[in-house]
Amino acid sequence: MGLSCSLFSCASSCGNIHNISYPFRLNRDPEHCGDSRYMLHCDNNVTVLHLYSGKYLVLALNYDHTTIQVVDPGLEKNNCSSIPRYPLANSNFSQGGLYNSSSQSVTFIKCANPVSSSLYVVTAPCINNLSKTGYVKLGSTAASDLEDGCSIEWTTMMTWILPLLNVAQTYGPHLVRSVIQIMRRNSLAQVIQFRY
């Protein structure tokens, strides 16, 4: 970890994140650096954000757009059957909080029997279970969206999903399957807006 602090400015680094400065601070920084509400941790030379009882790997900080890009450590790059350890949903974020999501929900659903629904896209062969069929639904999911015998396995978020909803409606499920594979390869990185 590199560190450069003065009375008025502090800058630190951890792993690939070299621009950690106000309002952020690392847990090892002197107390006058950054805002303690925006604490980041340097774990084994990896920058980590502790948020809503979860630990997310920090991929980038953008101070001009006031965003932090994070990924759930359970989602492995190029492993389409990995699942998040700490799934986030829009309901995790409240108005006036330190962080605000600019992401859209992606809900993974398991059904006891195959269903025919324009809202669901089959996840096989990526996420498969011998006793249940897996589906993904893009955008928010209400209880009324669930078919009989189906349950939500987990929900996470993805930053660029909203434009894909319109494309999926136009081009159909084959494109959505490709999108799911791209999402998994890119570890479902999420961009979160921070306020200070």
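The values are calculated or read from the model by the stated rules, or taken from the named source; none is laboratory data. Just so we're clear, the structure is a prediction, and the values are computed from it rather than from any experiment. Cβ sites come from the backbone with ideal geometry, for glycine too, and all protein chains shown count toward neighbours.
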Item to complete: Scan (1) more than 22 Å from Asp72 (Cα to Cα); (2) surrounded by fewer than 16 Cβ atoms within 10 Å (Cβ to Cβ); (3) at pLDDT below 75 for the single condition Ile182 breaks and write down its number.
Response: (1)
Discussion item. So in region 43-59, with the set limited to residues that are under 18 Å from Leu98 (Cβ atoms) and of a type in the set (A, V, I, L, M), which one is modelled with the lowest pLDDT?
Written reply: Leu51
Discussion item. So for region 156-167 (the condition being over 21 Å from Val71 (Cα atoms), at pLDDT 55 or above and either of a type in the set (Ser, Thr, Tyr) or not assigned by TED's automatic domain parsing to the domain that holds Leu51 (or both)), does at least one residue qualify?
Written reply: no
Response to the item:
Restricting attention to region 20-42, the residues that are part of a strand (DSSP E or B) and within 19 Å of Leu88 (Cβ to Cβ) number exactly 3
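Residues are listed down the side, and each one gets a yes or a no for (1) within 30 Å of Asn62 (Cβ to Cβ); (2) under 15 Å from the mean Cα position of the chain (by Cα); (3) modelled with pLDDT under 70:
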{"position": "Ser81", "(1), (2), (3)": "no, no, yes"}
{"position": "Ala89", "(1), (2), (3)": "yes, yes, yes"}
{"position": "Gln95", "(1), (2), (3)": "yes, no, yes"}
{"position": "Gln104", "(1), (2), (3)": "yes, yes, no"}
{"position": "Cys111", "(1), (2), (3)": "no, no, no"}
{"position": "Ser116", "(1), (2), (3)": "no, no, no"}
{"position": "Asn128", "(1), (2), (3)": "no, no, yes"}
{"position": "Gly134", "(1), (2), (3)": "no, no, no"}
Discussion item. Looking at region 137-153 only, could you name the residues that are within 12 Å of Phe108 (Cβ to Cβ) and at pLDDT below 80?
Written reply: Leu138
